[in-house]
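Novice: Pasting a structure here, questions to come.
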Amino acid sequence: MPSINMIAPRRAEKRRLECAMRKLAVVILAQIVLAVAVLGWGLMKSLTTRATIAELNSQMQILAPKIKKVAELDRQTAELKPKVDLLNKAKLDTMRWYNTLDLLTRSVPSSTWLTRIATVTTPGTGSVLSINGVTCEQARVGETMMRLHANPEFKSVDLHYTQKGSAGMVDALEFEIGAAMAGDQNDNSKGVTPNGSGQS
């Protein structure tokens, strides 16, 4: 019976198994290192997050009184807003009348004097400024109307009447002009009587 030499194949098989075992050990070691690294990173991230949360909580405790103060100031601002709005509206209305009277003063030519200024407010037409005055001649009345018509505060200017009068010892011409004001003035503001008229 012939003998077969099995030593060489067994050695080759043993070397192959040893090589596979080494590769498997390297893979397992790499996985362990990776797992430890991931676990360490997660632990470090958790500790960092906890430290950040603790710092933010301490900052919140420090800022809590300031936040409360800001909320109180916001509440006070909300309470004052209607008053501020009313004050701003009153300021705008006052400045409008100031500008209107200033432009009216510049619209009066020489040798012309105003004797009465009144406002009449009616629904639909708004405020109409009634201007009474005296002058020396009819041309001055026309010049006054032309200047008022050029004034952007007035949307229309009408002559109500002219009549002969006197200014002391001198003959004069009395007149009344109605000037409809531009913009909405249908509110019962100070100085306006219940029938919608005011006088200065």
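The values are calculated or read from the model by the stated rules, or taken from the named source; none is laboratory data. Please read all numbers here as calculations on a predicted model, not as lab measurements. Positions of Cβ are backbone-derived with ideal geometry, glycine not excepted, and every protein chain shown enters the neighbour counts. Just so you know, the surface numbers come from the protein's heavy atoms only, side chains and all, with ligands and any DNA or RNA stripped out. Shrake-Rupley method; radii C 1.70, N 1.55, O 1.52, S 1.80 Å.
Novice: Within the set of pairs 6+ apart or on separate chains, which have a first residue in segment 89-116 that is without any contact (Cβ under 8 Å) to a residue 24 or more places away in the chain, a second that is open to solvent by 50 Å² or more (accessible area, probe 1.4 Å) and among the hydroxyl-bearing types (Ser, Thr, Tyr), and C-beta atoms under 9 Å apart?
Specialist: So the pair list comes out as Leu101/Ser200; Leu114/Thr105.
For every residue, the table says whether it meets (1) aliphatic (A, V, I, L, M); (2) at pLDDT below 90; (3) within 60 Å of the chain's Cα centre (by Cα).
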{"position": "Met1", "(1), (2), (3)": "yes, yes, no"}
{"position": "Asn5", "(1), (2), (3)": "no, yes, no"}
{"position": "Arg11", "(1), (2), (3)": "no, yes, no"}
{"position": "Leu17", "(1), (2), (3)": "yes, yes, no"}
{"position": "Lys23", "(1), (2), (3)": "no, no, no"}
{"position": "Met44", "(1), (2), (3)": "yes, no, yes"}
{"position": "Ala51", "(1), (2), (3)": "yes, no, yes"}
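Novice: Then there's this: Take Arg22 and decide whether it is charged (D, E, K, R), over 30 Å from Met181 (Cβ atoms) and open to solvent by 80 Å² or more (accessible area, probe 1.4 Å). Can you show your working first?
Specialist: Values: charged (D, E, K, R): yes; over 30 Å from Met181 (Cβ atoms): yes; open to solvent by 80 Å² or more (accessible area, probe 1.4 Å): yes.
The answer is yes for Arg22.
Novice: Separate question: Criterion first (over 25 Å from the mean Cα position of the chain (by Cα), open to solvent by 100 Å² or more (accessible area, probe 1.4 Å), modelled with pLDDT of 90 or more and farther than 30 Å from Gln138 by Cα) does Leu39 satisfy it? Spell out the reasoning first.
Specialist: On the way: over 25 Å from the mean Cα position of the chain (by Cα): yes; open to solvent by 100 Å² or more (accessible area, probe 1.4 Å): yes; modelled with pLDDT of 90 or more: yes; farther than 30 Å from Gln138 by Cα: yes.
So Leu39 passes the test.
Novice: Moving on. Can you tell me which condition Tyr98 does not meet? The list is (1) open to solvent by 100 Å² or more (accessible area, probe 1.4 Å); (2) farther than 30 Å from Thr135 by Cβ, and all the others hold.
Specialist: The single condition Tyr98 does not satisfy is (2).
Novice: Scan segment 117-153 for residues that are modelled with pLDDT of 85 or more and open to solvent by 10 Å² or more (accessible area, probe 1.4 Å) and report the count. Don't jump to the end; show me each part of the working.
Specialist: Step one: list which residues in segment 117-153 are modelled with pLDDT of 85 or more, which gives 117-119, 128-150.
Cutting the leftovers down to open to solvent by 10 Å² or more (accessible area, probe 1.4 Å) gives us 117, 119, 128, 130, 132, 134, 136-140, 142-143, 145-147, 149-150.
Selection size over segment 117-153: 18.
Novice: For the condition among the aliphatic types (A, V, I, L, M) and touching a Leu at 6+ places or on another chain (Cβ under 8 Å), what is the one hit in Ala118, Ala71?
Specialist: On the way: Ala71 fails: touching a Leu at 6+ places or on another chain (Cβ under 8 Å).
Testing whether each residue is among the aliphatic types (A, V, I, L, M) and touching a Leu at 6+ places or on another chain (Cβ under 8 Å) leaves just Ala118.
Novice: For residues that are part of a strand (DSSP E or B) and in contact with a strand residue (DSSP E or B) (Cβ under 7 Å, 6 or more places away or on another chain), tally how many sit in segment 118-161.
Specialist: Looking only at that region, the number is 22.
Novice: Another question about this same structure. Filter segment 57-70 for residues that are open to solvent by less than 90 Å² (accessible area, probe 1.4 Å) and among the hydrophobic types (A, V, I, L, M, F, W, C); which is modelled with the highest pLDDT?
Specialist: At the first step, the residues of segment 57-70 found to be open to solvent by less than 90 Å² (accessible area, probe 1.4 Å) are 57-59, 63-65, 70.
After this cut, where a residue has to be among the hydrophobic types (A, V, I, L, M, F, W, C) as well, the list is 63-64, 70.
Numbers: Leu63: 88, Ala64: 88, Val70: 91.
So, considering only residues that are open to solvent by less than 90 Å² (accessible area, probe 1.4 Å) and among the hydrophobic types (A, V, I, L, M, F, W, C), the one modelled with the highest pLDDT is Val70.
Novice: Looking at (1) part of a loop (DSSP other than H, G, I, E, B); (2) touching a Pro at 6+ places or on another chain (Cβ under 9 Å), which is the one condition that is false for Leu103?
Specialist: Of everything listed in (1) part of a loop (DSSP other than H, G, I, E, B); (2) touching a Pro at 6+ places or on another chain (Cβ under 9 Å), Leu103 misses just condition (1).
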